[in-house]
Amino acid sequence: MLEVKDLHVTVEGKEILKGLNLTVNPGEVHAIMGPNGAGKSTLSAVIAGNEGYEVTSGSITFEGQDVLEMEIEERAQAGLLLGFQYPVEIPGVKNVYLLKAALNAQREARGEGEMPAPEFMKLVREKMAFMKMDPSFLQRAVNEGFSGGEKKRNEILQMLVLQPKLAMLDEIDSGLDIDAMKVVAEGVNSLRDAERAILMVTHYQRLLEYIEPDYVHVLVDGRIVKSGDKHLAQELESRGYEWVTEESAA
Amino acid sequence: MATEEMEQLVRREYTQGFVTDIESETVPPGLDESVIAFISQKKGEPEWMLEWRLDAYHQWLKMKEPSWAHLNYPPIDYQAISYFSAPKKPEDRPQSLDEVDPKLLETYEKLGIPLHERAALAGVAVDAVFDSVSVTTTFKEKLGEAGVIFCSISEAIRDYPELIKQYLGTVVPKADNYFAALNSAVFTDGSFVYVPEGVTCPMELSTYFRINAANTGQFERTLIICDKQAQVSYLEGCTAPMRDENQLHAAVVELVALEDAYIKYSTVQNWYPGDEQGRGGIYNFVTKRADCRGDRSKVSWTQVETGSAITWKYPSCVLRGKDSVGEFYSVAVTNGRQQADTGTKMIHIGEGTKSTIVSKGIAAGNSDQAYRGLVKIGPRAKGARNFTQCDSLLIGDRCGAHTFPYQEIGNSSATVEHEATTSKIGEDQLFYCRQRGISEEDAVNMIVNGFCKDVFQELPMEFAVEAEALLNVTLEGAVG
């Protein structure tokens with residue numbers, strides 16, 4: 001599904017990713033872990049199309065398409081969606097409006113018509129109930145004045161409505177208390193099926209207790225230096241990152 | 001996304017730039033007493049009107065063009081302007097649409113104003129002004145039944161001299177300001193509305209203005225009088241064809257609201273803003289003022305300003321009557337090299353008067369805009385209240401937005417609130433929307449329309465849709 005090959009990325013002249021390789025297949029959940037500044041968030045941002053990053057070499061393909069040749073919105077329409085670590089506020093634009101515009105833009109790109117308004121509202125209400133969000137939330141401006149937890153729930157709500165093929169979650173657990181984290185994790189887990197994949201970037205193992213990954217990758221200094229299953233995350237939690245770095249250098 | 005690209009996105013070409021080939025009867029450029037006499041005679045005006053005009057002209061000669069606004073433009077040569085232009089045979093004015101020059105109808109079509117359809121479908125009476133002469137007025141009969149007078153100001157001068165003598169120039173005096181004095185001397189057409197006591201006007205009244213002949217200044221004069229307990233909603237919309245010379249427009253709009261009357265005045269203004277260097281755009285120097293003369297009277301100004309090279313405009317309310325209410329809702333969009341200095345004045349004179357100001361400014365490209373608002377509370381205005389909110393949205397980093405709020409409070413029982421914000425359409429906002437699958441252009445429109453919501457909801461339904469579309473066209477760019 002997603003194939004990242006020998007990816008090199010620089011930001012303002014500084015190389016952040018230094019030859020990263022990653023393969024994600026349908027139905028899989030991958031977790032990328034690593035120390036601060038290793039380039040975890042850079043990977044998901046580059047796949048999503050953030051223009052602040054320069055890809056100097058390597059390739060990214062998604063279902064056979066060259067992702068680096070696609071516009072940001074085309075990537076989203078193809079089913080690549082990023083849940084932001086710091087979702088931006090958009091004053092005056094209601095949540096319901098953004099959701100509707102996004103869903104219909106994606107449907108249009110797939111050659112489906114706009115979703116009729118009653119059907120859309122039914123879908124959104126259902127997903128909001130699942131995320132334990134108050135209906136009044138739809139009429140509020142996108143992320144404006146939201147608490148950290150509300151912002152993260154909103155990111156997952158968008159995922160549930162838009163149903164991406166590959167959901168990328170950038171530090172979706174940061175700033176969440178345990179109850180909010182459970183709700184967010186349930187939302188993410190509801191996305192899991194044989195057709196879909198999830199790529200999580202996280203700093204802590206805690207999240208992985210609620211969303212069990214099939215694969216855990218350790219990203220250090222711009223490269224994936226170790227991969228394993230969920231037990232690797234537990235090992236990282238107890239031993240830190242240093243031993244992995246040393247092992248890979250050896 | 002780079003700032004450059006974002007600016008490309010907001011660049012657009014004026015889609016209504018074309019010139020209709022209709023011969024105009026135009027006086028040679030220049031202004032003196034004989035030109036004013038010519039205009040007055042062309043309009044078949046009585047002697048007292050000519051004297052009124054000449055008095056304004058003499059006062060204008062002694063005045064100086066204002067320079068306090070946050071605007072920058074080359075000096076205007078008032079002797080290089082032609083002050084009268086009319087479709088060729090004014091005495092053979094068409095009485096119905098069938099008699100209207102097909103070319104003119106075509107022009108309206110291009111403007112998206114299919115007059116007959118629009119009038120019939122929307123139940124709107126349209127007094128269409130093409131250059132300076134009213135071409136046709138529809139729905140006169142229905143209005144007549146209700147006792148509402150809706151005609152051109154020239155007709156009103158001939159047919160309702162008593163109303164004109166009683167009200168013309170009482171809200172905006174002849175020598176109120178430089179441009180108002182010029183208008184008083186040379187105004188050629190405009191609308192007149194009188195709604196009698198207790199009558200709610202049965203339809204929304206609408207006038208479309210269009211400047212056509214090159215180098216012809218357009219001096220519209222509008223007078224709306226709402227008698228006791230009467231109500232009217234008036235829509236004004238403007239477009240202009242592409243031209244090389246700057247075209248001066250100095251309109252005067254006077255509104256009079258008597259006891260318990262309510263006037264809602266909505267404007268969508270889309271004049272040619274000039275090319276990318278700002279050449280050839282319209283200069284729009286307008287004086288709009290409402291006099292809430294009666295107790296509990298109310299006037300509401302709503303404007304969407306997207307056009308003109310330069311805009312100088314402050315729709316104002318003089319709140320004279322006890323408990324009278326003034327409102328001002330404005331969206332101003334500037335792009336390219338446009339400049340706008342706009343805002344409002346709320347003059348609280350009577351007891352318990354209330355005013356609300358909501359101003360939304362959007363600046364893109366190299367444009368520059370200023371909100372200038374005055375809230376004045378007089379010594380007798382006990383318990384007066386004002387709420388002001390002005391927000392600016394910047395697109396790119398070569399544009400500017402400035403806010404000049406003035407307050408003169410002459411009464412300690414008054415409550416005056418002011419809120420202001422400036423924000424920028426961030427690249428992170430656009431990235432966020434696009435990462436949800438929304439195109440760049442739709443994302444900009446969504447953010448801008450969201451920003452303007454508070455004002456759009458004040459517009460009549462049909463106009464709100466038009467305004468939203470207009471905003472999207474204004475900010476349309478090279479993307480895609």
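The values are calculated or read from the model by the stated rules, or taken from the named source; none is laboratory data. Being a predicted model, the structure only gives us computed values, none of them experimental. When we count neighbours, we look across all protein chains shown, and the Cβ atoms used for this are built from the backbone with ideal geometry, even at glycine. Accessible surface areas use protein heavy atoms only, side chains included; no ligands, DNA or RNA. Shrake-Rupley method; radii C 1.70, N 1.55, O 1.52, S 1.80 Å.
Extension gain A:Gln163-A:Glu246, at 0.36 nm per residue separation less the Cα-Cα distance, in nm?
Working: separation 83, 0.36 × 83 = 29.88 nm, distance 3.98 nm.
Gain on stretching A:Gln163 to A:Glu246: 25.9 nm.
Which entries of A:Lys152/A:Lys230; B:Lys424/B:Lys453; B:Lys64/B:Lys376; A:Lys40/A:Lys132; B:Lys313/B:Lys376; A:Lys127/B:Lys453 show an alpha-carbon separation above 22 angstrom in the structure shown?
Distance filter (> 22 Å) returns A:Lys152/A:Lys230; B:Lys64/B:Lys376; A:Lys40/A:Lys132; A:Lys127/B:Lys453.
Please work out the FRET efficiency for the pair B:Ala146 and B:Trp48, using the Cβ-Cβ distance as r and a Förster radius of 35 Å; give the result to the nearest 0.05.
Values: r = 30 Å, r/R0 = 0.84.
The computed FRET efficiency comes out at 0.75.
What size of dipole, in debye to the nearest 20, comes out for region A:2-249 about its Cα centre when the only charges are +1 on Lys and Arg C-beta atoms and -1 on Asp and Glu C-beta atoms? Intermediate values should be presented prior to the final figure.
Values: 26 positive and 41 negative charges, 130 e Å.
It works out to roughly 620 debye.
When you look at the Cβ of every residue in A:85-96, what mean number of other chain Cβ atoms sits within 10 Å? Mind showing how you got there, number by number?
Numbers: counts 0, 2, 2, 8, 5, 12, 9, 13, 10, 2, 0, 0.
Partner Cβ neighbours, averaged per residue: 5.
Averaged across the residues of A:44-50, what count of C-beta atoms belonging to other chains lies within 10 Å of each residue's C-beta?
Working: counts 0, 2, 0, 0, 3, 3, 5.
Other-chain Cβ atoms within 10 Å of each residue's Cβ, averaged: 2.
Using a 1.4 angstrom probe on heavy atoms only, work out the carbon and sulfur share of the accessible area of region A:1-93 in %. Don't skip to the end; give the middle numbers.
Numbers: 1550 of 3640 Å².
C and S fraction of accessible area: 43 percent.
Quick one: if the Förster radius is 35 Å, what FRET efficiency do B:His58 and B:Leu374 give, using the C-beta to C-beta distance and rounding to 0.05?
Values: r = 29 Å, r/R0 = 0.82.
Plugging the Cβ-Cβ distance into 1/(1 + (r/R0)^6) gives 0.75.
Does region A:60-123 come out rounded, prolate or oblate, given a ≥ b ≥ c as the square roots of the eigenvalues of its C-alpha gyration tensor, rounded meaning a/c under 1.5 and, failing that, prolate meaning a/b above b/c? Walk me through the numbers before you get to the answer.
Numbers: a/c = 2.64, a/b = 1.33, b/c = 1.99.
Verdict is oblate for region A:60-123.
What share of the DSSP beta bridges in chain A is antiparallel, in percent to the nearest 5? Working shown, then result.
Numbers: 24 of 41 bridges.
Restricted to chain A, the bridges split so that about 60 percent are antiparallel.
Starting from the 7 Å offset along Cα-to-Cβ, what nm value, one decimal, do you get for the label separation of A:Leu68 and B:Ala37?
Simple spin-label model gives 8.1 nm for this pair.
Can you list which of the chymotrypsin sites (Phe, Trp or Tyr not before Pro) found in region A:84-173 are DSSP loop residues with at most 10 other C-beta atoms within 10 Å?
Working: sites: A:Phe84, A:Tyr97, A:Phe120, A:Phe130, A:Phe137, A:Phe146; in loops: A:Phe84, A:Phe146.
Listed in order of number, the matching sites amount to none.
Interface size between chain A and chain B, please: total buried accessible area, 1.4 Å probe, rounded to the nearest 100 Å².
Working: alone 11840 and 18720 Å², together 28540 Å².
Summing both chains' loss of accessible area gives about 2000 Å².
Sort the following peptides by mean Cβ neighbour count (other Cβ atoms within 10 Å, averaged over residues), highest first: B:195-205, B:252-262. Let's see the in-between values first.
On the way: B:195-205: 18.2, B:252-262: 24.5.
Listed from highest to lowest mean packing, they are B:252-262, B:195-205.
For A:71-81, what's the mean count of beta carbons from other chains sitting within 10 Å of each residue's beta carbon? Numbers along the way, then the final one.
Working: counts 5, 13, 10, 3, 3, 6, 4, 1, 1, 2, 3.
Average per residue, whole number: 5.
Take region A:109-250, drop everything but the C-alpha atoms, weight them equally and run the Debye formula without solvent; then report log10 I(q)/I(0) at 0.15, 0.18 Å⁻¹ to two decimals.
Summing over Cα pairs of region A:109-250 leads to -0.84, -1.08.
Within 10 Å, at most 11 other Cβ atoms, and a DSSP state outside H, G, I, E, B define an exposed site. Report the longest part of chain A free of exposed GluC sites (Glu not before Pro). Show your work: numbers first, answer last.
On the way: sites that count: A:Glu12, A:Glu112, A:Glu195.
Between exposed loop sites, the widest span is A:13-111.
For region A:54-115, which trypsin sites (Lys or Arg not before Pro) are in a loop by DSSP, counting at most 15 other Cβ atoms within 10 Å?
A:Arg110
Starting from the Cα gyration tensor of region A:2-249, multiply each eigenvalue by 5, take the square root, and state the resulting semi-axes largest first in whole Å. Display every interim value, and only then the final one.
On the way: eigenvalues 181, 89, 53 Å².
Value: 30, 21, 16 Å, ordered largest first.
Under 8 Å for C-alpha pairs, at least 6 residues apart: give me the relative contact order for chain A, rounded to a whole percent. List each step's numbers first, then the result.
On the way: 444 pairs, mean separation 69.6, N = 250.
Relative contact order, chain A: 28 percent.
Count charges around A:Ser41 for me, please; just the other residues with Cβ under 11 Å from its Cβ, Lys/Arg as +1, Asp/Glu as -1.
Numbers: positive: A:Lys40; negative: A:Asp170, A:Glu171.
Summing Lys/Arg as +1 and Asp/Glu as -1 gives -1.
Show me the ranking of peptides B:377-386, B:64-73 by mean Cβ neighbours inside 10 Å, starting with the highest. List each step's numbers first, then the result.
Numbers: B:377-386: 19.6, B:64-73: 12.3.
Top of the packing list down: B:377-386, B:64-73.
Would you please name the GluC sites (Glu not before Pro) within region B:266-338 that are DSSP coil residues with at most 13 other C-beta atoms within 10 Å of their C-beta?
Numbers: sites: B:Glu276, B:Glu305, B:Glu327; in loops: B:Glu276.
The qualifying sites are B:Glu276.
Which FRET efficiency value, to the nearest 0.05, is calculated for A:Arg110 and B:Trp68 with the Förster distance at 45 angstrom and r the Cβ-Cβ distance?
On the way: r = 56 Å, r/R0 = 1.25.
Efficiency, rounded to the nearest 0.05: 0.20.
Pop a pseudo-label 7 angstrom from the Cα along the beta-carbon direction at both B:Asp397 and A:Ala194 and give the gap in nm to one decimal.
5.2 nm
If the chain between A:His203 and A:Lys18 were fully stretched, how many nm would it gain, using 0.36 nm times the residue separation less the Cα-Cα distance?
Residue separation times 0.36 nm, minus the Cα-Cα distance, leaves 64.6 nm.
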